[in-house]
Amino acid sequence: MAGGGDIMLSTGALVAGYERDLPIVRGVDFSVRRGELVVVLGPNGAGKSTFVKAIAGLVPIHSGAVMLDGSDVTAVPTHQKVRHGLAFVPQTENIFATLSIHDNLLVAAQILPKDRRARRVADLYAMFPDLAVKPARRAGALSGGQRQMLAVARALIVEPSVLILDEPSAGLSPKIVFEVFERLKAINATGVTIILVEQNVKAALAIADRAVILVEGQLRHEGKAAGLMDDPLIAELYLGARPHKDAHR
């Protein structure tokens, strides 16, 4: 649920991409309030993943700024952004498949002081009871949904103020998507600000407070999630929905 009007994370005129002369993200002004859950939508190739990876420090930023809780973190390396309270869950390669569930969490906990690690791992087992059933199980043997839960648990180890996820529903069945998104909503309810890149528009809008739409690397539209779901013109133009017979009247 969205908190007050204070901005937790923002980008100003952000230009980013793997090559300086071919930017993928082109001048995006974006902000998310403390405690808000915002979904980033748009057609394939719109630059959604590149945008959040740039925020996380995984894609070069050529100009503009990223502000996190009032601090400029534009040039802060990825591993240091974690210490500033920003956690990122990529779409793929987000767990160590050859390690056990428990060892995955212990590796993530290494950033914490030694006297906090065991307690924090225990906290995550309480939050994700499915992971606690067989902590010695190899992560590579988990189902898609369990892997995603482990990836989120690893990100939450450091108690981030902002959690960014890139396509967490990819490859999951509708039932598991619902479970993952319900867990994300519960995490958001604890006060964690969440930014979610997602192609499953209906499921994402169902849990989000607000949505922004990127097209060709630029922010084209934003609004309350519920309103976007019911707007046939927005759905047709940006979200791939079939045109409604009354949409253009």
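Read-outs: derived from the displayed coordinates by stated rules, not from any lab. Everything quoted here is computed from the prediction, not taken from an experiment. Note that we place each Cβ from the backbone using ideal geometry, even for glycine, and neighbour counts take in every protein chain shown.
Please arrange T98, T74 by counting, for each residue, the other beta carbons lying within 10 Å of its beta carbon, fewest first.
Lowest to highest Cβ neighbour count: T98, T74.
In degrees between 0 and 90, to the nearest 10, how far off the longest principal axis of the chain does helix 114-127 point, with axes built from Cα atoms?
Between helix and principal axis, roughly 60 degrees.
Would you compute, from DSSP H runs of 4+ residues alone, the mean residue ellipticity of the chain at 222 nm, taking -39500 (n - 2.57) per run and dividing by the full residue count, rounded to the nearest 500?
-10000 deg cm²/dmol
Quick check: the angle from helix 144-156's long axis to the longest principal axis of the chain, C-alpha only, nearest 10 degrees?
Helix 144-156 sits at roughly 80 degrees to that axis.
What's the magnitude of the charge dipole for the chain around its Cα centre, counting Lys and Arg as +1 and Asp and Glu as -1 at the beta-carbon? Answer in Debye, nearest 20.
Magnitude of the dipole: close to 640 debye.
In percent, what relative contact order does the chain have, based on Cα pairs under 8 Å that are 6 or more apart in sequence?
Relative contact order of the chain: 26 percent.
In square nanometres and to one decimal, what's the mean projected area of the convex hull around the Cα atoms of the stretch 7-238?
Taking a quarter of the hull surface, the average projection is 12.2 nm².
Can you sort S31, S49 from fewest to most other Cβ atoms within 10 Å of each residue's own Cβ?
S31, S49
Taking the Cα centre of the chain as the origin and placing charges on Cβ (Lys, Arg +1; Asp, Glu -1), which of L37, P90, T50 is farthest toward the positive end of the dipole?
P90
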